[in-house]
Amino acid sequence: MRERWATELAAAARAHWTPERTRALTGGKRLAVLQELTKGQARTIVLVDTFASMVPKDLWITGIEDRNLVLKVSGSAFSTTAVADFMQNLRNSGKFKEVDIVVSRRDLARPSPLVTFEVTCRFEG
């Protein structure tokens, strides 16, 4: 699971840091490029590592968005208890603040009803 998140984050970074954007940002200066690229790397590694240990066994993360230091996490679980446990794990870690549920729905049309959810939080690693 950690490998999948690391791969997704690396792909997002590659999509964000195009050669054109890098040249425009740095005026072609290699050192400045390296500094800019590595600036947020440590935060991302700590975020992924910390976040992965918060997920209960009966819950799956299907998406993560990071906007202005606020994470929007979407996923599915077998129960609302698993979602509540996930949120409590985030709070108890001391690294995630303002943990809130945005939406939680149970799909009763499925034979094994899953709970889909969205949670927002702020990472303070």
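The values are calculated or read from the model by the stated rules, or taken from the named source; none is laboratory data. Nothing here was measured: the structure is a model prediction, and the numbers come from that model. Counting neighbours? That spans all protein chains shown, and the Cβs are built from the backbone with ideal geometry, glycine included.
Things to note:
- Arg43 falls short of the stated requirement of being at pLDDT 90 or above and not in a strand (DSSP E or B).
- Counting only residues that are farther than 17 Å from Arg67 by Cβ and either surrounded by fewer than 11 Cβ atoms within 10 Å (Cβ to Cβ) or modelled with pLDDT of 70 or more (or both), segment 12-22 holds 6 of them.
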